[in-house]
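The values are calculated or read from the model by the stated rules, or taken from the named source; none is laboratory data. As the structure is a computational prediction, the values presented were derived from the model and not from experiment. Because the Cβ atoms are built from the backbone with ideal geometry, glycine has one as well, and the counts that use them run over all protein chains shown. The area values use the complete protein model at the heavy-atom level, side chains included, leaving out ligands, DNA and RNA. Shrake-Rupley method; radii C 1.70, N 1.55, O 1.52, S 1.80 Å.
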Amino acid sequence: MKQFTPSHAVNRLPEQFFAKLVSKLRTYEENGHDAINLGQGNPDQPTPDHIVSSLKKAAEKPIYHKYPPFQGFEFLKEAIATYYKRQYDVDLDPMKEVAILPGSKTGLVELSQAFLNAGDVALMPDPGYPDYWSGVAMMDAVMEPMPLVKEHDFLPDYSAISEETWNKAKLMFLNYPNNPTGAVANRSFFEETIDRANRHDVCVVHDFAYGAIGFDGEKPLSFLQVPGAKDVGVEIYTMSKTYNMAGWRIAFAVGNQSVIQALELLQDHYFCSLFGAEQEAAATALLESQQCVEDLRQTYETRRNLLVEGLKALEYDVQPCHGSFFVWLGVPEGYTSEGFADELLEQVGLFVAPGNGFGSHGEGYVRIGLNNSEETLKDALQRFKTFQK
Ligand SMILES: Cc1ncc(COP(=O)(O)O)c(C=O)c1O
């Protein structure tokens with residue numbers, strides 16, 4: 001059989017960190033061991049019933065059996081604009097400032113394809129969600145890490161970025177509530193971001209995947225709530241986490257018109273939007289009661305409290321997570337991130353994500369997901385208790 005050589009763009013793609021992780025867990029389980037998976041960010045609960053019912057009913061409508069409009073149905077774009085108005089008091093023009101995406105993972109790669117040329121700089125949170133790297137690599141652009149460290153509340157320190165780098169930068173990725181650190185952004189940080197982006201013509205991409213999951217009575221801030229945000233960027237919002245719809249693959253981008261236009265042009269060549277019945281169910285999710293979201297948020301907060309208090313009692317260096325569903329745990333002295341993760345799996349069957357997989361500044365941490373029941377988290381804490389540091 002011939003061996004065909006992939007394009008340079010494909011050859012530049014980094015190894016998929018999560019794929020490698022999962023295969024480690026599989027091998028462990030295949031060897032007859034029982035593990036608790038705290039390593040992934042896959043919502044553990046089903047999509048709320050009223051959203052599933054909406055899909056079922058809509059699936060019977062022949063209109064949705066035809067090709068949908070290239071850029072999605074207007075009713076969904078209108079529902080997204082209504083949602084942003086209700087949740088964040090942000091005004092959006094549904095036809096010019098909203099793009100429907102087949103999952104935010106795809107949208108995040110498309111943004112690099114739409115705005116980066118070879119050699120351009122993309123400012124990248126480190127640690128950060130690894131899928132930001134993929135599009136940058138495909139375009140042969142350059143990643144400039146923005147370290148997220150505890151001393152700076154896991155927000156980038158813009159003053160540490162040289163003037164030369166600022167001038168070369170075309171895109172900046174941000175994500176609050178943050179995966180993997182659990183940090184949230186404040187208004188003054190977003191104001192500074194807008195100021196820098198304006199001065200240096202940088203397009204800001206704010207990944208708001210965990211927008212619905214904020215703790216301690218603080219609702220996470222949308223980037224678009226801050227005046228001037230639309231001038232300099234977009235926010236990416238996924239239905240995956242807010243409504244446990246990760247398998248449905250539906251998200252959207254909102255904000256700067258020129259960015260939305262470029263994304264839609266690119267998507268016109270890739271897709272023909274999403275199954276119309278899914279779009280109708282997504283509109284149901286956004287427009288009907290948000291009680292299911294509040295219930296989910298409370299579930300994660302209860303789990304966070306349980307895990308963080310338990311780990312503190314065992315004298316672990318654990319960061320208070322203010323949002324997202326991740327706990328960022330400092331590894332005990334003498335361990336690397338991967339060494340600690342391997343040892344946790346070997347000794348007590350706990351599977352966590354080593355922090356270095358999210359960038360070099362993730363070294364010294366592991367990420368623990370809150371996507372398990374309280375009962376399973378209690379079992380995990382028992383295992384931590386027996387772990388020989
Ligand atoms: C920060 C962040 N952005 C984006 C995504 C991808 O979400 P989607 O399901 O919309 O592709 C994830 C999923 O884990 C995430 O953690």
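Among the residues here, Ala122 qualifies as within 16 Å of the ligand (Cβ to nearest atom), surrounded by 24 or more Cβ atoms within 10 Å (Cβ to Cβ) and more than 22 Å from Val366 (Cβ to Cβ). Would you confirm whether or not the stretch 103-110 contains a residue that is within 16 Å of the ligand (Cβ to nearest atom), among the aliphatic types (A, V, I, L, M), open to solvent by 20 Å² or more (accessible area, probe 1.4 Å) and closer than 17 Å to Leu266 by Cβ? Within the stretch 103-110, one or more residues are within 16 Å of the ligand (Cβ to nearest atom), among the aliphatic types (A, V, I, L, M), open to solvent by 20 Å² or more (accessible area, probe 1.4 Å) and closer than 17 Å to Leu266 by Cβ. Being away from the ligand (no atom under 16 Å from the Cβ), part of a loop (DSSP other than H, G, I, E, B) and at pLDDT 95 or above holds for only one residue in Pro145, Pro94, and it is Pro94. Considering the stretch 69-91, the residues that are open to solvent by less than 20 Å² (accessible area, probe 1.4 Å) and either of a type in the set (Asp, Glu) or within 16 Å of Glu264 (Cβ to Cβ) (or both) include one that is nearest to the chain's Cα centre (by Cα), namely Ile80. Restricting the search to helices (runs of 4 or more DSSP H) fully inside the stretch 264-378 and requiring at least 3 residues that are open to solvent by 20 Å² or more (accessible area, probe 1.4 Å) and more than 27 Å from Gly217 (Cα to Cα) gives 337-348.
Can you give me the number of residues within the stretch 43-62 that are hydrophobic (A, V, I, L, M, F, W, C) and open to solvent by 100 Å² or more (accessible area, probe 1.4 Å)? Selection size over the stretch 43-62: 0. Of all residues in the stretch 28-42, those satisfying the criterion of being of a type outside the set (Phe, Trp, Tyr), closer than 25 Å to Val327 by Cα and open to solvent by less than 80 Å² (accessible area, probe 1.4 Å) are Ala35, Ile36, Asn37, Leu38, Gly39, Gln40, Gly41. Among residues of the stretch 1-39 being part of a loop (DSSP other than H, G, I, E, B) and touching a helix residue (DSSP H, G or I) at 6+ places or on another chain (Cβ under 7 Å), the one that is farthest from Ile250 (Cα to Cα) is Ala35. Listed conditions (1) within 21 Å of Cys321 (Cβ to Cβ); (2) more than 16 Å from the ligand (Cβ to nearest atom); (3) not polar (S, T, N, Q) are all met by Pro156, apart from (2). Taken over the stretch 32-70, the residue count meeting the criterion of being more than 16 Å from the ligand (Cβ to nearest atom) and either at pLDDT 95 or above or among the hydrophobic types (A, V, I, L, M, F, W, C) (or both) is 24.
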